[in-house]
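Engineer: Before I ask anything, let me first share the structure, which is written out below as structure tokens.
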Amino acid sequence: MYLLDSDVIVGFLRGNTGAVEKIKNLEEKNASLCISSISIHELLEGAYLSLKPKENLEAIRDFVNRVVVLDFTFDCAKISGKISADLTRKGEKIGDIDVLLSSIAICNGLILVTRNTRHFSKINILKLLAW
């Protein structure tokens with residue numbers, strides 16, 4: 001199972017060849033594709049800021065209907081708190097949303113599909129798939 005980062009979803013929705021191929025390849029393998037409620041927030045914020053909010057909101061809705069939506073739970077919060085504290089101690093702090101997404105992937109035993117491997121690779125227990 002895979003958790004899609006918002007960057008791969010945005011790439012897919014914009015027709016980026018690499019993102020489209022990555023998602024289609026995973027779908028052809030019957031892989032379960034998931035998205036977090038946090039990524040949905042990021043996508044919706046972008047849609048509302050765009051020049052074509054109606055079209056973008058519809059595209060997001062269509063995409064979300066194709067995947068499993070995962071919420072941020074208490075167990076995820078425990079994991080994210082530890083990750084954030086560990087990274088802060090090492091002086092390698094990354095964005096809060098990246099920490100939250102990582103914890104959802106770890107909590108659910110998923111591989112995170114992202115282009116942002118520079119940040120996410122700082123979390124040793126996180127499984128990554130770059131696109």
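Engineer: May I ask you to compute the full-extension gain from Lys24 to Lys78, defined as 0.36 nm times their residue separation minus their alpha-carbon distance, rounded to one decimal in nm?
Structural biologist: 16.1 nm is the gain from fully extending Lys24 to Lys78.
Engineer: Please tell me the relative contact order of the chain in percent, rounded to the nearest whole number, where contacts are Cα pairs under 8 Å and at least six residues apart.
Structural biologist: Relative contact order here is 30 percent.
Engineer: Further question on the same structure: If amide H atoms are built 1.01 Å from N in the plane of the peptide, which residues on other chains or at least 5 residues away come under 5 Å of the amide H of Trp131?
Structural biologist: Residues meeting the amide H criterion: Thr114, Arg115.
Engineer: Here is a follow-up. So which of Lys29/Lys122; Lys54/Lys93; Lys24/Lys122 end up more than 31 Å apart, counting from Cα to Cα?
Structural biologist: Listed pairs above 31 Å: Lys54/Lys93.
Engineer: For the range 1-57 and the range 67-131, what is the centre-to-centre distance using only Cα atoms, to the nearest Å?
Structural biologist: About 18 Å separates the Cα centre of the range 1-57 from the one of the range 67-131.
Readers should treat all values here as calculations from the given coordinates under stated rules, not as data from a laboratory. Being a predicted model, the structure only gives us computed values, none of them experimental.
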